[in-house]
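Right, one structure below, let's go through it.
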Amino acid sequence: MTDYVKQLIEQRRELHQWPEEGWTEFWTTAYIAKKLREWGFEALLGTKIIEVKQVFGRSQKLVDQAIKNALNRGAPKEIIDEMEGYTGCVGYLDTGRPGPTTAFRFDIDCIVVQETDNPDHIPNKLGFRSQHDGFMHACGHDTHASIGLTLAHWISEHKDQLKGKFKIVFQPAEEGVRGASAIAASGIIDDANYFFGSHISFMANTGEIVAAPYGLLCTSKYDVDFQGKPAHAGKEPNEGRNALAAACNAFVQMMGIARHGGGMTRINIGTLSGGTGRNVIPSVAHMALEVRGETSSINDYMAQNVMDIVEGVSKSFGVTYKVSQMGAAVDFVNDKDMSDLITDVAKHVEGINKIIPDGNFGGSEDISILGRRVQEHGGKAAFFICGADRKAGHHQSTFDIDEGALKQALDMYTGIVERVNGK
Ligand SMILES: [Zn+2]
């Protein structure tokens, strides 16, 4: 009998040692695909699961380096080639018996943060600290990937008691909400009757489940590049076109977008840079910004205002501009009967002693795009929180998860599979 708890922890620690940021998860994807195939799953890779036109925020330079790193670390070249430059994997298994198609999503990317060298930090103590300098699994996606893999193993070993089909999505680039759109647009989960995903810890401790977190915010992320014309700042500034002035004006106007009476809004211009030298009219400027809204239409309202401002200042300063979308998430609400199912499963999981019906998630999660896609195609979808005690908050260098909670997370998923796909 497979010791699933041992597997959960061992995989998590292996993955923790080589964290990769969004769209560079080549070693991680190869690790996942190899195991899935060993257990009789098909592992779908590359453009089979990625719609290239919907890939946001991917850097070819980082991709090239990450492929080299993955090969150096022993990732099989055939699997890397199959990925066609795009990370992520969908594990597919057909039991051969008629029944529903159930899809799951586990995200696999890391955070760009240096893991603490404090000797009391458990990964340091037990020797599984990040070996990838400047990168860390500081959001628990190492546990997500490990839970997804162990679920796949469990399904393959219980296939005879199950019906229908399974699609386990290992999603790249959740951070910055960059990865889900490309997977959704590929159509790979359009036939799913059911879709489930979760986040570890976040707003709940070990022994707790949040069945229906609300307040998943719609968001759009944009990079804006203004292009002007350089000129001598003393002799003939009139010959220049000031891109930085345009960007600064855009900044101020964006902060003043009238708030929407219909619901919550946010805007943040996180970076603004430009210019080339003290005595040159700045001919380039770059801004990275995001808007959020309580609903899609409120988010669209914020985004439209941003676009109007960019267009307006560009005209008045005589510069041109390019807007690139870098990420997106939508609002999402669980199907009620799926939240009920999660609650019911949780009641039977050993170690879960508190079922929290709902709670404000208060952030964006691009699982919303996949969940909505399934709902739009007539399936049912739900997102829940698997509680786990944590040291420090998510995205911090001292973040760590209580590994004892992983078993309950796995039991939630196997419980769901038994309900939905049990023979
Ligand atoms: Zn996360």
* To do: List the number of the failed condition for Pro282; all other conditions in (1) assigned to a loop (DSSP other than H, G, I, E, B); (2) open to solvent by 30 Å² or more (accessible area, probe 1.4 Å); (3) not charged (D, E, K, R) hold.
  => (2)
* Could you tell me whether any residue of region 221-230 is open to solvent by less than 10 Å² (accessible area, probe 1.4 Å) and away from the ligand (no atom under 16 Å from the Cβ)? => yes
* Which fully enclosed helices (runs of 4 or more DSSP H) of region 100-188 have 3 or more residues being open to solvent by 20 Å² or more (accessible area, probe 1.4 Å)? -> 122-125, 141-157
* Asked: How many of the residues in region 87-99 are open to solvent by less than 20 Å² (accessible area, probe 1.4 Å) and under 22 Å from the mean Cα position of the chain (by Cα)?
  -> 5
* Flag for Phe202 being in contact (Cβ under 8 Å) with a residue 40 or more places away in the chain, more than 12 Å from the ligand (Cβ to nearest atom), of a type in the set (Phe, Trp, Tyr) and not in a helix (DSSP H, G or I) -> no
* Asked: Out of the residues in region 160-182 that are within 13 Å of the chain's Cα centre (by Cα) and away from the ligand (no atom under 16 Å from the Cβ), which is nearest to Asp335 (Cα to Cα)?
  -> Ser181
* Residue satisfying condition, being small (Gly, Ala, Ser), within 23 Å of Ala180 (Cβ to Cβ) and assigned to a loop (DSSP other than H, G, I, E, B), within set Gly270, Gly234, Gly263 -> Gly263
* Structure fact -> By residue number, the members of region 131-147 that are touching a residue at least 60 places away in the same chain (Cβ under 8 Å) and within 16 Å of the ligand (Cβ to nearest atom) are Phe135, Met136, His137, Ala138, Cys139, Gly140, Asp142, Thr143, Ala145, Ser146, Ile147
* Asked: Counting residues that are within 16 Å of the ligand (Cβ to nearest atom) and touching a helix residue (DSSP H, G or I) at 6+ places or on another chain (Cβ under 7 Å), which helices (runs of 4 or more DSSP H) fully inside region 316-423 reach at least 1?
  -> 367-376, 406-421
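For every residue, the table says whether it meets (1) over 28 Å from the mean Cα position of the chain (by Cα); (2) surrounded by fewer than 20 Cβ atoms within 10 Å (Cβ to Cβ); (3) at positive phi.
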{"site": "Met264", "(1), (2), (3)": "no, yes, no"}
{"site": "Thr276", "(1), (2), (3)": "yes, yes, no"}
{"site": "Ala288", "(1), (2), (3)": "no, yes, no"}
{"site": "Glu294", "(1), (2), (3)": "no, yes, no"}
{"site": "Met302", "(1), (2), (3)": "no, no, no"}
{"site": "Leu341", "(1), (2), (3)": "no, no, no"}
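The values are calculated or read from the model by the stated rules, or taken from the named source; none is laboratory data. Just so it is clear, the model here is predicted, and its values are computed rather than measured. Here the Cβ is made from the backbone with ideal geometry for all residues, glycine too, and neighbour counts use every protein chain on show. Side chains included, ligands, DNA and RNA excluded: accessible areas come from the protein's heavy atoms. Shrake-Rupley method; radii C 1.70, N 1.55, O 1.52, S 1.80 Å.
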